[in-house]
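Below is one structure, written out as structure tokens; comments come after it.
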Amino acid sequence: MALHETPITVQAVLREPAGPGLAPRAEPEEDDFLEAEEFEDASEEQADAPPTVDLHTALEDCEKAMTLFFNNQIDEAIAIMTPWKHVSLYHAHGAAIFEFIPAMLTLEPAQIQCAHAALRHTFTLCARMRRNYTFVQSIGAIIKKPNYGGYSEDEAHAELVHSEALLLLACLGTLEGEEMTGFVRASLRIKTSFDGYRNCAKILEKKTWESESSRNHFESGVRLGLATFNVMIALLPPKIITLLEFVGFTADKEKGKSELITGSRSPGLRSVLCDLTLLVYFLIIGHFAAIPPDFILAESLINNGLKRYPNSVWFIMFKARMQMLSGMIEEAVETYEKASRTADLWPQLKHLTYWEMIWAFAMMMRWPEAASYASKLAQDSKWSKTIYMYTEAAMNLERGHLISIEERKHNADLLLNASCYRQRLMGRSLPMEKFVIRRCERWARRGYLVLPGVEMICLWNIFPSLAAEPHYADRMLKLIEQTSDEIYNVMNSKYGIDSERRYTPEYDHDDVALIRFLHGSLLAAMALPRLAIRHLESVLSMKDDIKENTFLFPYATVEIAMAYYALGDPDRAVELLHEARKKYSGYLLESRLHFRIHSKLELIHAGEQDTVVRGTTASAVALSSVNVLAASTSAASRSTSASTSTDRGGRRGA
């Protein structure tokens, strides 16, 4: 799913915490995240207003609000949080989250400011409830470990909420501007949040809890935070992981997944968030990184979620996503349409269903429907109008001569104007926008594009899902082969005119390389690695002839590597993956490919480990069998020798 949006420049209204995220801290003269006047004013206003909601009641209200929220009763959920948000930490935190979600979905400046204000209030209450130390006590905490077991339950939950709110603030911080300062500030907040979660883990381990319910809610939050850090950091390239581990982060993907699974099965408040994090990893991030999803676990999580929240649009959308990735394309469209008809649905969630339906219809080669949903997104969504406009044009171009003159003019407008809506995030252009702008420029120069819709399907890594449905995969393969034949016929023709005297494009080697790459990639997804290698290696042989599509060389190399892996040659696969990462640079969509190379190397490494384990187990079993056989033989030999000696002795006595 695409989550691109125009970065809204928001004035930085929050300052960075001074110092590392240690749980024991000196009592500040002003809050770490507020201007001095704001903190003092807030303290003066609420100093004489003690909380009227205890922790147990606040957690119960949060559970009720979460149940309403995941059953699409958003207004009712917000109504539970609002009355007590000024005096109750968890009510304030819940209200801030309900402001944060639409802020990230809409990226409206006013909504972002509301989310900032809500988080500022959360930090104000955290400052009042967290354990505070004098300056001397803070210096002593550096020398001697703090007494984590001495935290009260209110203080423990305040530490957890503080870490969660910091993470939300870091997400909003990426939208504060295009300068690198926003990125640095967000990075520092993430590090402080991670340190806070580690302190919470120590509290969980050392503290004796008065309330088992309170402990369960706290534990689910700690598991969610640390596990998410482990999983997400482990997806980064090795050099970045090494740097992050040097500054204190951890990256253990398997441990992270295990912790999320444990958290999802717990009775804690954040168990459903563990479910959603796992589903995001398996069905969205994992798919983007070309990691084979665990459909069995995903289906179990979705079914359990729908049992708890039968009408939840979130779990319905994940169900549709799983159906599409597993090749149940028509069923996925029906489920997405059901999700989009949900009453009182945030418009941005409806836009996500539209984005998914673009690719579902494209997989079925129903180009008009795919273009229609892309058009809706271009009109209504603010995420990336450039990508939506190009996608609409690409789907229409797949119809060839079937489109009308008016539709051709509309396509021309889309391709000529798509670059006008280019966006920047943290000072950088979106990689896919760079790619589609290059494609628009190529169309403007040459007047045609080769299978632009199929190319987008391939680049979004949808070929493996398409291959799960043989009927539609065969249709797509036939389209690629027909286009390939057309290109070769035209290039072999002297005048570029077919038998019916219609003008045909003057194809070049970039077009030939692209069609061979698409052909080989789809064959690889359809588990035909030998045929795939033949087409993909022909792309590499055209290195001296290709001028624009230079990204095809590293992408084809990665596909060849995985084809060799499918043929049982992991060493050759690893060699080619390293070659693709080190030999090529400066091409379009480079970071995306590096992300996938890292995942594929991990996949191969995990497969080799399994092989070693199986081999070791088999060797142990074989050795054990040999030992048993040897022992039996030895025992039989000793028995025979004894019998012989007895016989000999008997004969001698006789």
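Bear in mind that the values in this text are calculations on the coordinates, not laboratory data. Note that the structure is predicted; figures quoted are calculated from it, not measured. Cβ placement follows ideal geometry from the backbone for every residue including glycine, while neighbour counts extend to all protein chains displayed.
May I ask you to derive the relative contact order of segment 182-250, considering only C-alpha pairs under 8 Å and at least 6 residues apart, and to give it as an integer percent?
Relative contact order for segment 182-250 comes out at 34 percent.
So how do 584-593, 304-313 stack up, highest first, on mean other-Cβ count within 10 Å?
On the way: 584-593: 14.7, 304-313: 16.7.
In descending order of packing, they fall as 304-313, 584-593.
Label segment 312-403 by shape, choosing from rounded, prolate and oblate, from the square roots a ≥ b ≥ c of the eigenvalues of the Cα gyration tensor; if a/c is under 1.5 it is rounded, and otherwise prolate applies when a/b is larger than b/c, oblate when it is not.
On the way: a/c = 2.42, a/b = 1.33, b/c = 1.82.
Oblate.
Beyond 31 Å between alpha-carbons counts as too far, so tell me which of 409/547; 202/257; 253/385 fall in that bin. Working shown, then result.
On the way: 409/547 29 Å; 202/257 20 Å; 253/385 34 Å.
Exceeds cut-off: 253/385.
Within straight cross-link reach of residue 207, meaning Cα distance under 17 Å, which lysines are found once same-chain residues fewer than 8 apart are removed?
Cross-link targets: 145.
When ranked by the protection proxy of mean other Cβ atoms within 10 Å per residue, highest first, what sequence do the peptides 392-398, 486-492 form? Kindly include the intermediate steps, with their values, before the conclusion.
Details: 392-398: 25.4, 486-492: 14.3.
The most tightly packed comes first, giving 392-398, 486-492.
For segment 164-320, just say rounded, prolate or oblate: build the C-alpha gyration tensor, square-root its eigenvalues into a ≥ b ≥ c, call rounded for a/c under 1.5, and beyond that prolate if a/b exceeds b/c, oblate if not. Walk me through the numbers on the way to the answer.
On the way: a/c = 1.63, a/b = 1.17, b/c = 1.40.
Because a/c hits 1.5 or more and a/b fails to exceed b/c, segment 164-320 counts as oblate.
Provide the per-residue ³J(HN,Hα) series for segment 77-94, in order, calculated from phi with Karplus coefficients 6.51, -1.76, 1.60 and θ = phi - 60°, each as a whole number of Hz, with x at glycine and proline positions.
After applying 6.51 cos²θ - 1.76 cosθ + 1.60, I find 5, 5, 5, 6, 7, 4, x, 10, 5, 7, 10, 10, 4, 5, 5, 5, 5, x Hz.
Beyond 30 Å between alpha-carbons counts as too far, so tell me which of 191/255; 191/600; 350/478; 85/376 fall in that bin. It would help to have the intermediate numbers written out before the result.
Working: 191/255 20 Å; 191/600 28 Å; 350/478 33 Å; 85/376 38 Å.
As for pairs spanning more than 30 Å Cα to Cα, those are 350/478; 85/376.
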